[in-house]
Amino acid sequence: MKTLVFLWLAVIIAPFRTLEPTPDQASAEFSKKITEAIRKGNSSELSSYFASTIDLTVPGKEGSFSKAQAEQIVKDFFTQNPPKSFTIKHNGSSNDGSQYSVGTYITAKSAYRSYFLIKNVSGKFYLLQLQFELD
């Protein structure tokens, strides 16, 4: 009887467990959202993924900034350098669980090598580092 109850519970619960994304799926989805925000040049959407402070590098500005400061800097960067395209060239992870993506941000005037770093902190992903450097 106990075996029957266990099997019955397993059959009922199993479909719900598969609905939850794995950590790799969740980080891939988070990275995809960041990529789309950059592709659109949408600083407001992009900043919604920022940690409370973010290490940011764009031409002429480099440092650790608050979420609000970083949003304004990225907004200015996107305004001066509207995207024509953005493609990810490489993804990877580090030993501490961080995930990173390296890509190319193309504008009408220039190409920028881009890099961003995300990390799961207490069950929620954050964008911790973002760089755009002339290629």
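Which one is farthest from G63 (Cα to Cα), of the residues in segment 84-135 that are assigned to a strand (DSSP E or B) and of a type in the set (G, A, S)? Give the derivation first.
Step one: filter segment 84-135 for residues assigned to a strand (DSSP E or B), giving 84-93, 99-107, 111-121, 124-134.
Next, only the ones that are of a type in the set (G, A, S) stay: 85, 92-93, 101, 103, 111, 114.
Details: S85: 25, G92: 23, S93: 23, S101: 19, G103: 20, A111: 21, S114: 16 Å.
Among those that are assigned to a strand (DSSP E or B) and of a type in the set (G, A, S), it is S85.
Take the residues in segment 45-80 that are touching a residue at least 60 places away in the same chain (Cβ under 8 Å) and in a loop (DSSP other than H, G, I, E, B); name whichever of them is most open to solvent (accessible area, probe 1.4 Å).
Our first condition is that a residue be touching a residue at least 60 places away in the same chain (Cβ under 8 Å); within segment 45-80, this holds for 46, 49-51, 54-59, 70.
Subset that is in a loop (DSSP other than H, G, I, E, B): 49, 59.
Values: Y49: 38, P59: 69 Å².
Filtering segment 45-80 for residues that are touching a residue at least 60 places away in the same chain (Cβ under 8 Å) and in a loop (DSSP other than H, G, I, E, B), the one most open to solvent (accessible area, probe 1.4 Å) comes out as P59.
Please work out which residue is nearest to the chain's Cα centre (by Cα), limiting yourself to segment 34-44 and to residues that are closer than 22 Å to K89 by Cα and surrounded by fewer than 16 Cβ atoms within 10 Å (Cβ to Cβ).
Start the filter on segment 34-44 by keeping residues that are closer than 22 Å to K89 by Cα, which leaves 34-43.
Narrowing the set further to residues that are surrounded by fewer than 16 Cβ atoms within 10 Å (Cβ to Cβ) leaves 36, 40.
Values: E36: 9, K40: 14 Å.
Among those residues, the one meeting the criterion is E36.
What number of residues in segment 26-70 are of a type in the set (D, E) and touching a strand residue (DSSP E or B) at 6+ places or on another chain (Cβ under 8 Å)?
Total satisfying the criteria: 2.
Name the residues in segment 81-116 that are of a type in the set (A, V, I, L, M), within 17 Å of E36 (Cα to Cα) and either over 13 Å from the mean Cα position of the chain (by Cα) or crowded, with 18+ Cβ neighbours inside 10 Å (or both), would you? Please lay out each step first, then the result.
First, pick out the residues of segment 81-116 that are of a type in the set (A, V, I, L, M): 88, 102, 106, 108, 111.
Retained after the next criterion (residues that are within 17 Å of E36 (Cα to Cα)): 88, 102, 106.
The answer is I106, and nothing else.
The values are calculated or read from the model by the stated rules, or taken from the named source; none is laboratory data. For clarity, every value in this text was computed on a predicted model and none was experimentally measured. In this analysis, Cβ positions are derived from the backbone assuming ideal geometry, glycine residues included, and neighbour counts consider all displayed protein chains. These accessible areas exclude ligands, DNA and RNA; they are computed on the full protein's heavy atoms, side chains included. Shrake-Rupley method; radii C 1.70, N 1.55, O 1.52, S 1.80 Å.
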